[in-house]
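Have a look at the structure below, then the notes.
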Amino acid sequence: MTRLRDMLGRGVEAAIRLGRGGRLAALVVLIGLVWLRAIDPSVVTMARYQAIDLFQRLAPRPPVESRVAIVDVDEASIRALGQWPWSRDRLAGMVDRLTEAGVASIGFDIVFSEPDRLAPKAFADQASGLPPMVHGILSGLKSTDDAFAAAIARGPVALGMSGAVTAESAAPSVPRALSPMAAFGGDPRPYLFGFPSGLRNIPELEQAASGIGMFSLAPEHDGVVRRVPAALNIDGALLPTLTLEMLRVAAGASTSAVVMRPDGAGAAGVRIGERFAPTDVNGRAWIRFAPHDPSLYISAADVIAGRVDPARLAGKHVLVGASAVGLRDLRMTPLEQSMPGVEVHAQLIDAILTDGLLHRPAETVGAEHLAAILIAALLIWRLPRLSALGGAPLAFGAVAAVWAGSYAAFAYGSTALDPTYPSLVAIAVYGVLAYSAYARAEAQRRAIRSAFTQYLSPDMVSRLAEDPDALKLGGESREMTFLFCDIAGFTSFVERAEPEALVRLLNEYLEGVCGIVMRSGGTVDKIVGDAVHAMYNAPLDDPDHAANAVRAALEIEAFVDDFRARKAAEGIDFGRTRVGVNTGPAIVGNFGGDSRFDYTAHGDAINTAARLESVNKHLGTTICVAGSTAALCPDLAFRPIGTLYLKGKDKGVETFTPLRPEAAEDPVMIAYARVFERMAENAPRDETLSAFDALAEQSPSDPLIALHAQRLRAGGVGPDIRMTEK
């Protein structure tokens with residue numbers, strides 16, 4: 001009892017240490033997650049974006065009367081007016097109609113980087129064989145680019161520019177005279193997205209335009225457009241986005257500006273006249289998207305033909321873009337799998353005009369850190385006083401509160417908070433503390449169990465004495481032999497036997513079988529009821545593992561024969577033992593968890609050994625050995641059974657049953673081997689059937705002779721045996 005009290009005392013002390021260690025481990029996890037959020041890898045960023053996307057879908061921007069219209073070069077326009085690009089004089093007419101309708105601004109989500117190829121002079125230069133007089137007349141006609149430029153000059157038009165990844169676009173790349181963008185509070189260029197160059201419009205059009213802005217978008221790593229640059233750094237110059245230029249032109253403001261944060265570490269927003277639009281530190285406006293709105297779209301052909309009511313356009317910011325196949329620019333948003341890029345610009349204008357942009361100021365990161373630390377502190381303080389199950393409501397209640405608060409901030413305050421980071425902290429800290437509580441309880445149970453008994457294989461004790469580091473989770477791949485044995489009819493025997501007598505009988509049987517396995521160099525892996533699972537060549541190396549397993553199978557057969565005879569004398573009908581042996585690669589080692597593990601093996605070779613044990617009842621044999629094992633036993637005699645195609649397996653397994661030395665010299669066994677060889681060589685079926693029938697007369701109780709005679713008589717050929725049952 002003194003020894004028992006000492007062991008229990010040590011167990012309690014270990015449990016106390018585990019309790020303290022749990023809090024320390026939780027604190028380490030918290031510090032690690034704070035560091036992870038600080039470096040913000042893409043997996044953390046994407047988790048945050050997915051959460052905000054979910055809020056976007058649950059609470060999109062409320063519907064309002066849009067201040068935007070989209071003049072769409074759609075399929076109907078292409079059918080009516082011909083393929084794109086159209087002549088610039090046609091576009092001039094469209095701009096004039098929009099100007100006459102009283103639009104607030106016009107923005108082209110299109111770059112006119114080359115002169116009109118449909119202009120009279122261009123046509124004359126391209127056409128061959130024109131009379132000189134005709135060529136001269138066409139060359140003297142007014143340029144369509146000039147007509148388009150004049151229409152642009154008459155209206156509130158902002159032309160679009162596209163970013164270029166090389167500096168090979170038209171130089172100079174930035175129209176500095178037409179990029180009236182200032183900066184307040186510092187230099188934003190190091191923080192802004194940009195391009196080394198830009199694809200510009202031809203000079204005649206740029207000089208006539210009231211503004212020029214970029215329409216290039218910047219999707220996230222997953223291809224979703226969530227934020228749109230409000231200002232970009234193009235070749236070292238500040239250039240506004242097309243939507244900002246449209247708003248500036250409509251407001252009659254002389255400039256727009258990037259407003260820097262008070263600490264100068266990035267942008268805080270952009271100002272257009274009296275209006276301020278918040279951005280992230282990189283100058284990107286975060287849109288709270290509304291669903292796709294088909295009512296924004298007006299066919300360009302209808303505008304050109306004058307079929308659109310001017311009242312529908314008056315006071316609107318008009319974006320000109322394309323949705324026709326081959327021209328459209330489709331983008332993925334949090335709400336739509338494919339939204340035309342021009343509508344993204346339209347949504348940005350509406351969001352700016354209705355204060356519908358999402359806010360995510362730099363201070364929100366600090367707020368998220370604070371929330372995570374407070375939740376972790378609460379859990380570290382309270383959970384060790386609760387059970388793992390009792391602490392779950394506290395932990396998951398904190399997670400639910402974080403998500404509910406973040407959603408409320410989004411839905412009612414257009415503020416994009418990240419619920420995933422505090423939730424991850426809560427779940428991780430809870431997991432560490434819950435595991436610590438479990439480990440503490442398990443340590444107490446182990447202390448009590450170890451006071452009474454311990455089970456450890458002698459081979460394992462020897463190995464661990466030599467190499468204590470072997471007691472770790474892990475494994476190794478090696479060739480092994482597996483032996484499975486089971487008692488035939490044991491289930492029905494159990495139903496008839498008295499419990500106490502059954503336990504004594506089974507213990508006596510298992511002691512004999514396991515003793516044979518251990519003496520032959522094997523390791524008893526598991527005992528499941530009456531079944532014994534053994535493995536060879538682990539944990540210690542055994543170069544003769546296959547032969548040792550086969551010899552063990554023969555010894556088990558002899559032991560069971562004697563055991564059955566002795567029990568029969570006592571009036572007990574004990575069943576035969578079936579044995580399956582197979583050799584193959586397997587992973588062997590300690591599997592499980594830090595608090596409970598088992599030295600065992602995993603692999604298909606184990607399953608095959610178990611299946612071979614089971615097929616004995618269909619073959620009439622006692623021992624079934626795979627060819628992979630027999631091939632490693634040149635000093636042992638085997639009798640071929642055939643190539644078994646186990647149920648659910650496509651590849652056949654050559655199988656044998658081992659013979660004792662005296663049985664190997666039996667004339668019937670020798671004759672069987674010759675007939676089997678002829679059958680394997682696809683000798684005529686009648687010949688082999690006659691031979692097996694003759695052998696059956698000599699040995700009528702031989703199960704394999706009867707099996708093959710029955711197969712051949714039923715039309716079977718060769719040594720292949722397909723099993724329809726396991």
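The values are calculated or read from the model by the stated rules, or taken from the named source; none is laboratory data. In this text, all values refer to a predicted model and were calculated from it rather than measured experimentally. For neighbour counting, all protein chains shown are included, and Cβ atoms are generated from backbone atoms with ideal geometry for every residue, glycine included. Accessible surface areas use protein heavy atoms only, side chains included; no ligands, DNA or RNA. Shrake-Rupley method; radii C 1.70, N 1.55, O 1.52, S 1.80 Å.
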Before anything else, pin down the relative contact order of segment 226-337: Cα pairs under 8 Å, at least 6 apart, normalised by residue count, whole percent.
21 percent
In Å², rounded to a whole number, the accessible area per residue of segment 524-581 with probe 1.4 Å is 41 Å²
Name the long-range amide H neighbours of residue 475: under 5 Å, sequence gap of 5 or more, or other chain; modelled H, no Pro or chain starts.
none
Taking 0.36 nm per residue of separation and subtracting the Cα-Cα distance, what length does fully extending residue 35 through residue 504 add?
162.7 nm
Quick one: net charge of residue 315's neighbours, Cβ under 12 Å, K/R +1, D/E -1?
+2
Hey, how many Å between the Cα centroid of segment 258-273 and the Cα centroid of segment 214-251?
15 Å
Residues other than residue 283 with Cβ under 14 Å of its Cβ, Lys/Arg counted +1 and Asp/Glu -1, net out at +4
Prolate/oblate/rounded call for segment 527-658, Cα gyration tensor, a/c under 1.5 rounded:
oblate
Could you check the simple spin-label distance between residue 153 and residue 365, using points 7 Å along Cα→Cβ, in nm with one decimal?
4.9 nm
Around residue 645 (Cβ within 10 Å, Cβ-to-Cβ, excluding residue 645; K/R +1, D/E -1) the net charge comes to +2
The long-range amide H neighbours of residue 66, using H built 1.01 Å from N in the peptide plane and a cut-off of under 5 Å, are none
Along segment 105-113, Karplus-curve 3J(HN,Hα) (6.51, -1.76, 1.60; θ = phi - 60°) to the nearest Hz, with x for Gly and Pro, reads 7, 10, x, 9, 8, 9, 9, 9, 7
Figure the gain on full extension for residue 674 and residue 314 (residue separation times 0.36 nm, minus the Cα-Cα span) and round it to one decimal in nm.
119.3 nm
Expressed as a whole-number percentage, the relative contact order of segment 257-308 with C-alpha contacts under 8 angstrom and at least six residues apart is 21 percent
At a 1.4 Å probe, what is the % contribution of carbon and sulfur to the accessible area of segment 304-413?
63 percent
Can you grab the distance from the C-alpha centre of segment 398-440 to the C-alpha centre of segment 496-555, Å, no decimals?
52 Å
Heads up, segment 652-726 by the C-alpha gyration tensor (a ≥ b ≥ c square roots of eigenvalues; a/c under 1.5 rounded, else a/b over b/c prolate, else oblate) looks oblate
Of the accessible area of segment 536-647, with the probe set at 1.4 angstrom, what percent is carbon plus sulfur?
50 percent
Calculate one ³J(HN,Hα) per residue across segment 600-608 by plugging θ = phi - 60° into the Karplus curve 6.51 cos²θ - 1.76 cosθ + 1.60, and present them in order as whole Hz with x for glycine and proline.
8, 10, 9, x, 5, 4, 5, 4, 5
Can you find, among 705, 724, 661, the residue farthest towards the positive end of the dipole of segment 615-726? Put +1 on the C-beta of Lys and Arg, -1 on that of Asp and Glu.
724
If amide H atoms are modeled at 1.01 Å from N in the peptide plane, then the residues at a separation of 5 or more from residue 642, or on another chain, having amide H under 5 Å from its own are 655
